Amino acid sequence: LAFRRAATPIDASKAGDNEPCVLITLNDVTRVETLVQSISYLEKHDALTGLPNRTAFINDLAQAIANPNRAEPELAVVMFELVGFTRIEHTLGSEIGDRLIREAARRLAMQTVPGDLLGNWNRVEFAIVIPCTTERQSVVGRINAMLAAFAAPFWIDERELKISALAGVAWFPSEGEDADTLVRKAAVALRGTRRARSAAIGMYTEQEDWWGKGNLELQIELGHAIERNELVLHYQPQVDVTGGRVVGVEALIRWQHPRLGLLGPDRIIPVAEASDLIVATGEWVAHTAARQLAAWRRSQFPLLTMSINVSNRQLLRSDVAALAKRIMAESGIGPGELIFELTESMLMHDPEQCAKTIATIRRAGIGVSIDDFGTGYSSLAHLQKLTVDQIKIDQSFVQLLPGNHGSSAIVQAVLVMARALGIPTVAEGVENHAQLAWLREHHCDKTQGYLYGRPVAADAIPELIETIQNRIFVG
Ligand code: C2E
Ligand code: MG
Ligand code: MG
């Protein structure tokens, strides 16, 4: 029982004369207290899983950070996301969804040890704090074990359901000293894991955080980068399959970011394409690459072609044929030595306009190559109507050679067709000798890939080419 003093004061005048009295009022507030307790429980817990909710988790984390008696110097703040859950819930309904989440929470909880904090962040996301020493590898091992807990199927209503999980990690104190910052950074890390699709665990990086800024902010930064000369081109050799000679290079854009280091085109091109910056970026790339080829020519450097990537948006928003004429006039480079790489997906957009643009670029003396061929679902009939100088087979097919039957069949069909049409072929993304051997056997003309070397800065190209030409690529 719980007791409380009566709220109303006792009126002593009502008592008889000289009669001392003690009036005790008892209020049974047990039910109220129980209610208060359950409201307080509900305030702090997720109703479905019974785990601490977002607010409580943040409080628990703040307490763990502030705890002067904490034995471990570091904390790993981990965000988990259930993958494949939404599809199941949409198909089977929210009741099955609820049971699946409860079971997932139970599996995660089984993996925790005393001292860990586990919370439900939102319906499909869980957060965990793992106290640790500076030896982070063991924590990564534990997170892997948590992810592996999802490997076995879930059985609900005699249905076999499969989901998996992804994780993002931020570390206290190196990445933040307060709870809000740490959970935000763990969420950034999770977004990076989701985006990269290469591993199930990802660590927080400043680059990923930067990438999460609004497009407008990134565009302003990229605009400055062009003005401040922070863009650079790296070059990757293309090798003739039969003779093993380097016949050209492809120019690939990079951004030497003052704080974040070297950023790749996956960070640059989408930002540029979201605004007119793609036009200025594309102009800069074409001029810089052409100037570089001219400089190599002057130093008697034997290199036949320079390939330059042109984005679809650049093609739609600017006069690429006029750009072709301008750089030919400026650089003094001969016809066919510069090649514009247009992606196959562009052919689908507006085939007639595309054919006209290709013809004008070629008339200006610049070759046209169709990049990422095989990914754009263009029909072979399209290709027959266009006059192009080269087809580049997409690396997603090349990398599965020679073992994957589907990829081998597609690449073989493209090679046979290109040969019949008299169009030279390049295979990109060649990483090993088995792939090279297969391509040689199937009469691909040129190859490009990590087997020969990664893209490098202009001043490293002469040495890379010499190394390639001194090596014998058996295949
Ligand atoms: P892409 O034109 O198909 O270029 C090939 C990409 O594959 C390059 O990535 C290259 O580094 C990478 N690569 C080359 N060999 C291998 C290999 O053996 N294995 C693997 N896994 N990858 C290999 P990068 O430099 O990150 O460029 C990615 C894409 O960004 C390019 O694909 C191109 O579409 C675009 N890009 C690059 N530079 C520019 C540019 O200056 N302008 C435009 N519009 N797009 C560009
Ligand atoms: Mg390319
Ligand atoms: Mg490509």
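For region 400-420, check the following and say yes or no: at least one residue is more than 16 Å from ligand 2 (Cβ to nearest atom), in contact with a Phe, Trp or Tyr (Cβ under 6 Å, 6 or more places away or on another chain) and part of a loop (DSSP other than H, G, I, E, B).
Among the residues of region 400-420, at least one is more than 16 Å from ligand 2 (Cβ to nearest atom), in contact with a Phe, Trp or Tyr (Cβ under 6 Å, 6 or more places away or on another chain) and part of a loop (DSSP other than H, G, I, E, B), which makes the answer yes.
In region 174-186, what residues are assigned to a helix (DSSP H, G or I) and of a type in the set (S, T, N, Q)?
Taking region 174-186 first, the residues assigned to a helix (DSSP H, G or I) are 179-186.
Hit for region 174-186 is T181, nothing else.
Which condition number does G334 fail, the rest of (1) farther than 25 Å from P462 by Cβ; (2) surrounded by fewer than 21 Cβ atoms within 10 Å (Cβ to Cβ); (3) more than 16 Å from ligand 3 (Cβ to nearest atom) being met?
In the conditions (1) farther than 25 Å from P462 by Cβ; (2) surrounded by fewer than 21 Cβ atoms within 10 Å (Cβ to Cβ); (3) more than 16 Å from ligand 3 (Cβ to nearest atom), G334 misses (1) alone.
Looking at (1) surrounded by fewer than 20 Cβ atoms within 10 Å (Cβ to Cβ); (2) charged (D, E, K, R); (3) closer than 25 Å to L263 by Cβ; (4) modelled with pLDDT of 95 or more, can you tell me which one E463 breaks?
(4)
Looking at region 238-258 only, could you name the residues that are of a type outside the set (A, V, I, L, M), farther than 21 Å from E441 by Cα and within 16 Å of ligand 2 (Cβ to nearest atom)?
G248, E250, R254
Among the residues of region 66-90, count how many are touching a strand residue (DSSP E or B) at 6+ places or on another chain (Cβ under 8 Å) and buried (at least 18 other Cβ atoms within 10 Å of the Cβ).
The total comes to 9.
Of a type in the set (G, A, S) and crowded, with 16+ Cβ neighbours inside 10 Å: is that true of A359 in this structure?
No.
Of everything in region 113-129, what is assigned to a loop (DSSP other than H, G, I, E, B) and of a type in the set (G, A, S)? Give them in sequence order.
Across region 113-129, the qualifying residue is only G115.
Being assigned to a helix (DSSP H, G or I) and at pLDDT 95 or above narrows it down to one of A289, A295, A321, so name that one. Break it down into steps so the answer makes sense when it comes.
Values: A295 fails: at pLDDT 95 or above; A321 fails: at pLDDT 95 or above.
Matching residue, one of A289, A295, A321: A289.
Taking L303 as meeting all but one of (1) outside any helix (DSSP H, G or I); (2) within 16 Å of ligand 3 (Cβ to nearest atom), write down the number of the exception.
Going through the list (1) outside any helix (DSSP H, G or I); (2) within 16 Å of ligand 3 (Cβ to nearest atom), L303 breaks only (2).
Which pairs have Cβ atoms under 6 Å, sit 6 or more apart or on different chains, and link a residue in region 183-195 that is closer than 18 Å to L118 by Cβ to one that is outside any helix (DSSP H, G or I) and small (G, A, S)?
A186/G168; A186/A170; A189/G168; A189/A170; A189/G202; L190/G168
A434 versus (1) of a type in the set (G, A, S); (2) crowded, with 19+ Cβ neighbours inside 10 Å; (3) over 21 Å from D371 (Cβ atoms): which is the lone unmet condition?
(2)
Would you say I339 is β-branched (V, I, T), in contact with a Gly (Cβ under 7 Å, 6 or more places away or on another chain) and part of a helix (DSSP H, G or I)?
no
Within region 108-160, which residues are of a type in the set (S, T, N, Q), free of Cβ contacts under 8 Å to residues at least 24 places away in the same chain and more than 22 Å from R54 (Cβ to Cβ)?
Hits for region 108-160 are Q137, S138.
The values are calculated or read from the model by the stated rules, or taken from the named source; none is laboratory data. Because the structure is a prediction, the values reported are computed rather than measured. All Cβ positions, even for glycine, are placed from backbone atoms using ideal geometry, and neighbour counts span all protein chains on display.
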